[in-house]
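Novice: Dropping the structure in here first, questions after.
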Amino acid sequence: MKKTNRMFNVLLIAAAALVLLPMAGVTYAVPVGSYEVGDFSSFNRDLTLGAEIQEDDIMTIGGFNTLQLSGDKEYVKTVEGLQGFTYQSDWSWMTIIKSDQLANYRVFMRGMAWADKAGDFDLRVDAGTNSMYSWNTPFWKQLSASDAAINNTDLVWLAGTYDILDSTYRLYVNGTEVNSMSIAPMDDRDNNNPLNINGQWANNNHGVGNVYVEGSFSIAQLILSKSLFSASDLQTAYANGEYMTSNGNTWFDFKVESTTSVPEPATMLLLGAGLIGLAGFRKKYLK
């Protein structure tokens, strides 16, 4: 009987592991139809989505689930700020997008319109002139990436990295460095401005509503890391058509994931309840 008990215990523990291990990685993102839109970093930051985002805004491009954003009511915003992201550290961002227009538009902005703070930064793209521009407070500083492979037909991998040792900010297009400039380190410990994908958060200033949108595009990933993305890592992600991989330094990792192959939390809880029932059965009948 003791041998039977031991065998039952082993089976119970194994079954519990099959239930609990998937739950350990569950991210409670925002549901959009049969997809989840969210921050899939370890921070799992709460997001607000524009009221007009629907499942038909999600489409597959180059093997990625992408979210198409256009207009003041289609945006993604962090509920909280990113205090300390740039403070005394290397930092990087990388985004995978496809432009739906040729004119100048803003992909993302860490900040608020007409309420700039140290540590704010953004990305603007002009596919018509093959240019990208990045802005960093406390000053407007634009970097042109002319003759880069930016267009409105393909996904492009765009990145910015900041090396605190030499105070250098670099821009990359499809894994290739296209420009650089010197920027003094930014103390953003008091910066509670949100990160907004598509335009800039206006908070009803200047009569433009909550969001001031400038363009239309599809986005597969926006990842922020408190580390320095290397040129080789960026080149590899582009060459292999991959996401930039999250790690322990990742502060934000926006993606769109299908829920059809991921067990829902309610299902996992039901399985857990079944295991508890098995434990009760063992106690009652295997004494």
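The values are calculated or read from the model by the stated rules, or taken from the named source; none is laboratory data. These numbers come from a predicted model, not from an experiment. Don't worry about glycine lacking a Cβ; one is built from the backbone with ideal geometry, like all the others, and counts go over all protein chains shown.
Novice: Does S89 fit the bill of being assigned to a loop (DSSP other than H, G, I, E, B), closer than 16 Å to P185 by Cα and of a type in the set (G, A, S)?
Specialist: yes
Novice: I need the full set of residues from region 133-150 which are surrounded by 14 or more Cβ atoms within 10 Å (Cβ to Cβ) and over 19 Å from G119 (Cα atoms), in order please.
Specialist: S144, A145, A148, A149, I150, listed by residue number.
Novice: Here are some residues: I164, I183, I197, I150. Which one is among the β-branched types (V, I, T) and within 18 Å of the chain's Cα centre (by Cα)?
Specialist: One residue alone meets the criteria, I197.
Novice: Let me ask another. Examine region 160-167 for a residue that is modelled with pLDDT of 95 or more, over 24 Å from D253 (Cβ atoms) and touching a strand residue (DSSP E or B) at 6+ places or on another chain (Cβ under 7 Å), and state whether such a residue exists.
Specialist: Within region 160-167 (the criterion being modelled with pLDDT of 95 or more, over 24 Å from D253 (Cβ atoms) and touching a strand residue (DSSP E or B) at 6+ places or on another chain (Cβ under 7 Å)), the answer is yes, since at least one residue qualifies.
Novice: Separate question: So which of G84, G71 is at positive phi, of a type in the set (G, A, S) and buried (at least 16 other Cβ atoms within 10 Å of the Cβ)?
Specialist: When all the criteria are applied, what remains is G84.
Novice: Would it be correct to say that N179 is modelled with pLDDT of 95 or more and assigned to a strand (DSSP E or B)?
Specialist: no
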